[in-house]
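Participant: Once you've had a glance at the structure underneath, I'll fire off some questions.
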Amino acid sequence: MTRGAGLVLLLLCTPSVGCGGLPCEQTLEPSSDPSSCVPDREAWEATVAPIVQARCGDCHGDLPVFGAPDALVDFDELIRGAFGNRLADRMARRAAMHTMPPPNSPQLDHAELDQLVGWATCGEVHPDPTIGLVVDRQPYTVDVPDNALLPSFDILADGFEVAVDLVDRYFMFVGPR
């Protein structure tokens, strides 16, 4: 029997690392006054909501799971706030940078990405599909023999209760370095 020890690589977004020499960022701000951009409710209901439900809904549904910080289902919540800080803007930015959906989930095709970003920017921005992080490999894992005598440690999450019947719930805890 072997234990799997996983190694997770963090790609830093610089022109030489993580983006294959391509620029890592693109401007998703409309060229006109961004404060006047209010995404259309009818477009949300007709075209964007079904995309978000299909590509994001497993984690960002009515009750977010797997560590998702927000539900992405309520139009009014998505457009609340100042341009650039709304959930709609953050969702479009993460999708355009290919950091969401995560690599092991079905990805947005270019037409879906264009619909989502176009809706969030009131039709003024069309994302460049060549910009952003693209994962093209599975995470590297290594089998560690049982007799490897690796040190062990306990991870304590004070104030967080783990229940026996709790399945597939993801939380990120930050610890000391």
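Each value in this text was obtained by applying a stated rule to the coordinates, not by laboratory testing. Only a predicted model underlies this, so the values are computations on that prediction, with no experimental measurement involved. Ideal geometry is used to build each Cβ from the backbone, glycine not excepted, and the neighbour counts take in all protein chains shown.
Participant: If you take the beta carbon distance between Leu150 and Thr130 as r and set R0 to 41 Å, what does 1/(1 + (r/R0)^6) give as a FRET efficiency, to the nearest 0.05? Working shown, then result.
Facilitator: Details: r = 41 Å, r/R0 = 1.01.
Once the sixth-power term is evaluated, E becomes 0.50.
Participant: Right, here's the next one. Among His60, His126, His110, His98, rank each residue by its count of other Cβ atoms within 10 Å, from fewest to most, as a rough exposure measure.
Facilitator: Ascending number of Cβ neighbours within 10 Å: His110, His126, His98, His60.
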